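Taking it in order: structure first as structure tokens, then the write-up.
Computed from the coordinates by the stated procedures, all read-outs in this text should not be read as laboratory data. No experiment lies behind these values; they were computed from the predicted model shown. Every residue, glycine among them, receives a Cβ derived from its backbone with ideal geometry; neighbour counts consider all protein chains shown.
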Amino acid sequence: MNSYDFDGRTIVVTGGAGGIGVECAKLLAAGGAHVHLVDPRADALEAAVEAAGPGQISTHVSALEGPDACAAALDSAEDQPHGLIHLAGLFEPDPFDPSVQDVWDRAIQVNLKSAYDMSVAFESRYSRDAVARMVFTASIAAGRGSPDFTPYSCAKAGLHGLVRSLAKKFSPSVLVNAVAPGIIVTRMTTDLIAQRGNYVTDGTILGRLGEPEEVAQVIAFLCSSGASYINGQIIQVDDGTVLR
């Protein structure tokens, strides 16, 4: 496990009860950060705090449904945030039926609009005592497309534009980047992995799926002083799957 110096920094992690969120909490807390986990599932947040181990970790229950909820999520942290890691997302198959619009609406709300709303709230709340960080979660589906998850692919592609726009808007006070994971072994991908079996791993170069901690390591680095000249980037964490 890499060691980072986040002493005295408050970092908000949305989708914090998920697999990647827990691994981020471990790394950030081990580096001295106050980690504030946000997730709609209260029981999962309790489990996440226990799984993350020792450290200063607080929680807030929210589905981030709208600007007020996003502002409240940031305000619920004990101190002004030095960083925002936005992992909140929804991976839901699309029936591609003109009479079914709710899948599209949820995909845009959870994966894209909540990211925008969190960004707006963050602008007036982040700590100015150091260069802040924002890290979003894109996906390889944004570039490759996913035929069964069209709304999800569109929403994640929209995050590319959001990250590049915000990198210019917030510069030089905030560095804004994103990770674009491949298929990572988390609760979100359980059904997909079960349905597609070996086809999933056959599409990788290393012949295996990614683990949550492998994505969290990249996110932690982007929040660290070592990433002081990285801005507006979408970093693939997919073992090179986009090359296939």
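Worth a mention:
- Mean Cα-pair separation over length for region 1-116, i.e. relative contact order, pairs under 8 Å, 6 or more apart, %: 27
- Relative contact order for the chain: 20 percent, from Cα pairs under 8 Å spaced at least 6 residues apart, divided by residue count.
- The Cα center of region 49-71 and the Cα center of region 8-38 differ in position by 9 Å.
- Qualifying chymotrypsin sites (Phe, Trp or Tyr not before Pro) for region 77-144 [loop in DSSP, other Cβ within 10 Å: at most 12]: PHE96
- Kirkwood hydrodynamic radius of region 1-145, Cα pairs, Å: 15.7
- For GLN56, distant residues with modelled amide H under 5 Å away: VAL35
- For region 132-212, the relative contact order comes to 32 percent (Cα pairs under 8 Å, sequence separation of at least 6).
- Label selected from [x] 0.95; [y] 0.92; [z] 1.21, the criterion being Rg/Rh (Cα atoms, Kirkwood Rh) as computed here: [x]
- Projected label distance in nm at SER3 and ARG125, using a 7 Å step from Cα toward the beta-carbon: 3.3
- The angle between the Cα long axis of helix 114-123 and the longest principal axis of the Cα atoms of the chain comes to about 20 degrees, rounded to the nearest 10.
- Applied to region 169-175, the Karplus parametrisation 6.51 cos²θ - 1.76 cosθ + 1.60 on θ = phi - 60° returns per-residue 3J(HN,Hα) values of 5, 8, 5, x, 6, 9, 9 Hz, with x for Gly and Pro.
- Helical mean residue ellipticity (222 nm; -39500 (n - 2.57) per DSSP H run of 4+; nearest 500) of the chain: -11500 deg cm²/dmol
- With a Förster radius of 41 Å applied to the beta-carbon distance between LYS169 and GLU50, the computed FRET efficiency rounds to 0.60.
- Potential extension, ALA72-ASP97 segment - 0.36 nm per residue separation minus Cα distance: 5.4 nm
- Extension gain (nm, one decimal) between VAL61 and THR201, 0.36 nm per residue minus Cα-Cα: 47.0 nm
- Fewest-first ordering of TYR229, TYR152 by other beta carbons within 10 Å of each residue's beta carbon gives TYR229, TYR152.
- Cβ-to-Cβ counts within 10 Å put VAL22, VAL13, VAL237 in ascending order as VAL237, VAL22, VAL13, the fewest first.
- Along the chain, counting only GluC sites (Glu not before Pro) with a DSSP assignment other than H, G, I, E or B and at most 15 other Cβ atoms inside a 10 Å radius, the longest segment between sites is 79-244.
- Amide H partners (placed H, <5 Å) of ILE235, local residues excluded: ALA178, VAL179, ALA180
- Proxy reagent accessibility, fewest Cβ within 10 Å first, across MET134, MET118, MET188: MET188, MET118, MET134
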